[in-house]
1. Does GLY137 qualify as being without any contact (Cβ under 8 Å) to a residue 40 or more places away in the chain and over 14 Å from GLY61 (Cα atoms)?
2. In region 112-130, which residues are over 25 Å from SER97 (Cα atoms) and surrounded by 12 or more Cβ atoms within 10 Å (Cβ to Cβ)?
3. Among the candidates SER64, SER60, SER25, SER97, single out the residue that is over 25 Å from ALA148 (Cβ atoms) and among the hydroxyl-bearing types (Ser, Thr, Tyr).
4. Testing ILE55 on (1) more than 18 Å from GLY101 (Cβ to Cβ); (2) β-branched (Val, Ile, Thr); (3) surrounded by 11 or more Cβ atoms within 10 Å (Cβ to Cβ), one condition comes back false. Which one is that?
5. Given the condition of a type in the set (A, V, I, L, M, F, W, C), free of Cβ contacts under 8 Å to residues at least 12 places away in the same chain and within 30 Å of ASN41 (Cα to Cα), answer yes or no: does some residue in region 90-100 qualify?
6. Assess whether ALA48 counts as being surrounded by 15 or more Cβ atoms within 10 Å (Cβ to Cβ) and within 30 Å of ILE153 (Cβ to Cβ).
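Here, each number is a calculation from the coordinates, and none is a lab measurement. Note that the structure is predicted; figures quoted are calculated from it, not measured. Cβ placement follows ideal geometry from the backbone for every residue including glycine, while neighbour counts extend to all protein chains displayed.
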Amino acid sequence: PAVSVAANAAAGASVSVASVGSAASGIVSKASHFVKGVIGNLKASIPALAKGAGIGAAISGVVSLAVNGYQTFVAKTMTTRQMAGAVAADTVTGGISSLGGMAAGGAGVGIAGTALAGLPLTLLTIGAGIAGSMITGRMMDGLGIHQAIATAISGPATAAAAAPAQ
């Protein structure tokens with residue numbers, strides 16, 4: 001009888017190990033499908049992200065050119081080198097901020113898209129995009145990226161006076 005109890009316990013353990021292995025295999029399979037889906041969606045969104053970054057950079061560059069052009073040619077508060085550095089820095093950081101906004105908006109849709117629809121989802125997406133863009137812009141300013149670009153274009157002596165046109 002002691003041998004049959006041990007045999008039954010061993011048989012139960014092997015079933016238990018097999019079921020754990022099956023469950024682990026299922027989890028790995030689901031995770032693999034999830035990762036493949038995320039990578040596929042990222043690949044599909046690259047053209048839209050590039051277009052959005054280009055539009056953001058263009059808008060930032062045009063606004064910066066107007067503001068810094070006025071400061072250079074009318075108010076005479078900056079040199080043309082400072083203007084060039086400021087416009088270049090604003091254009092680059094505007095494009096990168098647009099990417100941050102698009103990523104945050106996309107994440108908002110991904111997270112809330114199953115629970116919301118219509119106007120609430122649109123408003124949430126807009127709010128997340130604005131917040132993402134602002135956070136990305138502040139991070140770049142905090143890291144000194146804007147100033148580094150301006151300095152690289154206008155030179156170290158003149159870049160200190162060039163402030164972002166925000």
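1. Values: without any contact (Cβ under 8 Å) to a residue 40 or more places away in the chain: no; over 14 Å from GLY61 (Cα atoms): yes.
For GLY137, the condition - without any contact (Cβ under 8 Å) to a residue 40 or more places away in the chain and over 14 Å from GLY61 (Cα atoms) - is not met.
2. We begin by selecting, within region 112-130, every residue over 25 Å from SER97 (Cα atoms); these are 114-118.
LEU116 - this is the single residue of region 112-130 that is over 25 Å from SER97 (Cα atoms) and surrounded by 12 or more Cβ atoms within 10 Å (Cβ to Cβ).
3. Details: SER64 fails: over 25 Å from ALA148 (Cβ atoms); SER60 fails: over 25 Å from ALA148 (Cβ atoms); SER97 fails: over 25 Å from ALA148 (Cβ atoms).
Matching residue, one of SER64, SER60, SER25, SER97: SER25.
4. The failed condition is (1).
5. Quick first cut of region 90-100, residues of a type in the set (A, V, I, L, M, F, W, C) only: 92, 96, 99.
Keeping just the survivors that are free of Cβ contacts under 8 Å to residues at least 12 places away in the same chain gives none.
No.
6. Details: surrounded by 15 or more Cβ atoms within 10 Å (Cβ to Cβ): no; within 30 Å of ILE153 (Cβ to Cβ): yes.
So ALA48 fails the test.
Conditions (1) in contact (Cβ under 8 Å) with a residue 40 or more places away in the chain; (2) over 30 Å from ALA86 (Cα atoms), marked per residue:
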| site | (1), (2) |
| --- | --- |
| SER32 | no, yes |
| LEU42 | no, yes |
| LEU49 | yes, no |
| ILE55 | yes, no |
| GLY61 | no, no |
| ALA75 | no, no |
